[in-house]
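Data first, discussion second: the structure below is written as structure tokens.
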Amino acid sequence: MVVAISSTNAQTSDKIASTPALNYDWQPGFINITELNGGIGLGLIDASFSRYYFGITTVNGYQFTRNIKAGVGVGVQAHNGGTLFPLYIDARYSFSSQELVPFFAAAGGVALSFRDLNSGSRIFINPSAGLKWVAANRTGISFSTGLMITSGGGFRDSFVNVKIGVEFKGKD
């Protein structure tokens, strides 16, 4: 009985991954997440910057634990009515899983309008939920959907958005 209890306590708390690609996905390290994204406006969509948007963003950051990663993102978004350049913080929590990994993400920052910085720029938040497929060693494909809320220039706009991206991890 003592041998059974001691061998049970000697087991690690993390599961051992079935492939090296999955094992590497759990390790801390630098990350880059590049995503194509787009959204459809909710509510009143007659004003500029409220009907739709599409763009590309990239986040550079660090995976701290198996489940937590965060970074700084930049990008470009084409809205009806103009172009915005988001600068933001992105944080993600991934559930402990194998090849398909569900996650929650939260992004927030400022979307700059270089045409009119004072009244054209907006602040935004974007909570989302998604699924990442660990496709290969140091590479994952992600899909997420969420709600983006922007505020600025006397307007508040909301979008249902979708993101499709690729996540790269740096070498040890």
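The values are calculated or read from the model by the stated rules, or taken from the named source; none is laboratory data. All figures in this text were calculated on a predicted structure; none of them were measured in a lab. Reconstructed Cβ throughout: ideal geometry from the backbone, glycine too, with neighbour counts over all protein chains shown. For the accessible areas, the whole protein counts, side chains as well, though only heavy atoms, and no ligand, DNA or RNA atoms are used. Shrake-Rupley method; radii C 1.70, N 1.55, O 1.52, S 1.80 Å.
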- line: Quick count over the stretch 152-172, residues being part of a strand (DSSP E or B), open to solvent by less than 40 Å² (accessible area, probe 1.4 Å) and out of contact with any Asp or Glu (no Cβ under 6 Å at 6 or more places or on another chain), is 7
query: Can you tell me which residues in the stretch 94-126 are in contact with a Lys or Arg (Cβ under 8 Å, 6 or more places away or on another chain), of a type in the set (Ser, Thr, Tyr) and more than 19 Å from residue 31 (Cα to Cα)?
result: 113
- prompt: Between a first residue in the stretch 38-61 that is over 13 Å from residue 149 (Cβ atoms) and a second residue that is part of a loop (DSSP other than H, G, I, E, B) and hydrophobic (A, V, I, L, M, F, W, C), which pairs have beta carbons less than 7 Å apart while being 6 or more apart in sequence or on different chains?
  reply: 51/45
query: In the stretch 43-68, which residue that is more than 19 Å from residue 106 (Cβ to Cβ) and not in a loop (DSSP other than H, G, I, E, B) is least open to solvent (accessible area, probe 1.4 Å)?
result: 56
- prompt: Among the candidates 82, 108, 71, 29, which residue alone is open to solvent by less than 20 Å² (accessible area, probe 1.4 Å), among the small types (Gly, Ala, Ser) and modelled with pLDDT of 95 or more?
  reply: 71
